[in-house]
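Here the structure comes first, spelled out in structure tokens, and everything after it is commentary.
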Amino acid sequence: VQLQACGGGLVQPGGSLRLSCAASVSFFSILTMNWYRQAPGNQRELVATIIAGGKSNYADSVKGRFSISRDNAKNTVALQMNSLKPEDTAVYYCNFKASGMDYWGKGTLVTVSS
């Protein structure tokens with residue numbers, strides 16, 4: 001199982017980035033997919049979740065600014081991040097849980113700074 005995240009980078013406050021994660025699994029369409037982030041010195045936190053049917057949930061800190069989506073035909077999940085703030089700076093990870101195990105991508109760094 002592989003999760004490959006990409007799309008991070010340096011962006012100014014107020015800017016946008018789109019992260020994408022590809023999963024090499026045959027059962028992607030039934031998975032609940034998550035995006036987490038971890039800022040330096042902080043614990044990893046759940047940012048957004050999308051279930052198989054497409055319903056999504058967000059951390060309060062990103063509601064109205066971030067949007068999670070999925071493409072089951074391509075086995076990908078995306079995180080559109082708008083109105084970025086310096087406090088959004090973190091390594092972002094895609095994740096799913098299956099058979100009692102957590103599967104993580106390697107993470108992609110997002111830096112919001114002027």
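The values are calculated or read from the model by the stated rules, or taken from the named source; none is laboratory data. None of the values given here were measured: they were computed from a predicted structure. Backbone-built Cβ (ideal geometry, glycine too); neighbour counts: all protein chains shown. For accessibility, only protein heavy atoms count, side chains too; no ligands or nucleic acids. Shrake-Rupley method; radii C 1.70, N 1.55, O 1.52, S 1.80 Å.
Structure values in brief
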{"quantity": "Residue ID - nearest to Tyr36 (Cα to Cα), chosen from residues in the stretch 81-109 that are free of Cβ contacts under 8 Å to residues at least 60 places away in the same chain and surrounded by fewer than 17 Cβ atoms within 10 Å (Cβ to Cβ)", "calculated": "Asp102"}
{"quantity": "Restricting the stretch 27-54 to residues that are of a type in the set (A, V, I, L, M, F, W, C), under 12 Å from the mean Cα position of the chain (by Cα) and within 19 Å of Val112 (Cα to Cα), the residue that is surrounded by the fewest Cβ atoms within 10 Å (Cβ to Cβ)", "calculated": "Leu46"}
{"quantity": "The stretch 7-24 - residue that is in contact (Cβ under 8 Å) with a residue 60 or more places away in the chain and among the aliphatic types (A, V, I, L, M) and, of those, most open to solvent (accessible area, probe 1.4 Å)", "calculated": "Leu10"}
{"quantity": "Count of the stretch 75-114 residues which are of a type in the set (S, T, N, Q) and in a strand (DSSP E or B)", "calculated": "5"}
{"quantity": "Single residue of the stretch 55-74 satisfying the filter (assigned to a loop (DSSP other than H, G, I, E, B) and touching an Asp or Glu at 6+ places or on another chain (Cβ under 9 Å)) that is least open to solvent (accessible area, probe 1.4 Å)", "calculated": "Val62"}
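Results for (1) modelled with pLDDT of 95 or more; (2) more than 20 Å from Pro13 (Cα to Cα), shown as yes or no for each residue.
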{"position": "Ala59", "(1), (2)": "yes, no"}
{"position": "Lys63", "(1), (2)": "yes, no"}
{"position": "Leu79", "(1), (2)": "yes, no"}
{"position": "Leu84", "(1), (2)": "yes, no"}
{"position": "Glu87", "(1), (2)": "yes, no"}
{"position": "Tyr93", "(1), (2)": "yes, yes"}
{"position": "Gly107", "(1), (2)": "no, yes"}
{"position": "Val110", "(1), (2)": "yes, no"}
